[in-house]
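K.L.:
Before I ask anything, let me first share the structure, which is written out below as structure tokens.
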Amino acid sequence: MYHPFPDSNATWCVESFSGDGGTYCNYTNSIYRLSGDTMMNGMLYSRMLHYELTERWYCPMGQPPHIYFWVDDNTTYFIRQDTIQKKAWLW
């Protein structure tokens, strides 16, 4: 079922936790936020900013975990949708 994508003032926060079954555990916090518009190839796109921070711990069984390193990712996406066709495009 299609639900129209917000076109302004929207923010999504995603948190996840994963491990490799032994040595490492990862906690990731991602934020997606719409921030203005831009024209590309004659089409209007909403600018979607993405910020992500991943903390990786060394966490073997029976040992106290400690932070191993962080990975930052900052990306800008551009999204537009056609509500008549019920499609969204991401650049």
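The values are calculated or read from the model by the stated rules, or taken from the named source; none is laboratory data. Nothing here was measured: the structure is a model prediction, and the numbers come from that model. Here the Cβ is made from the backbone with ideal geometry for all residues, glycine too, and neighbour counts use every protein chain on show.
K.L.:
Condition first: of a type in the set (Gly, Ala, Ser) and touching a strand residue (DSSP E or B) at 6+ places or on another chain (Cβ under 8 Å). Now tell me which residues in region 3-36 satisfy that.
P.N.:
SER8, ALA10, SER16, SER18, GLY19, SER30, SER35, GLY36 - these are the residues of region 3-36 that are of a type in the set (Gly, Ala, Ser) and touching a strand residue (DSSP E or B) at 6+ places or on another chain (Cβ under 8 Å).
K.L.:
Further question on the same structure: Residues in region 53-71: is at least one modelled with pLDDT of 90 or more, farther than 23 Å from THR11 by Cβ and exposed (fewer than 14 other Cβ atoms within 10 Å of the Cβ)?
P.N.:
no
K.L.:
Same structure, new question: Yes or no: ARG47 modelled with pLDDT of 85 or more, over 13 Å from the mean Cα position of the chain (by Cα) and part of a strand (DSSP E or B)?
P.N.:
yes
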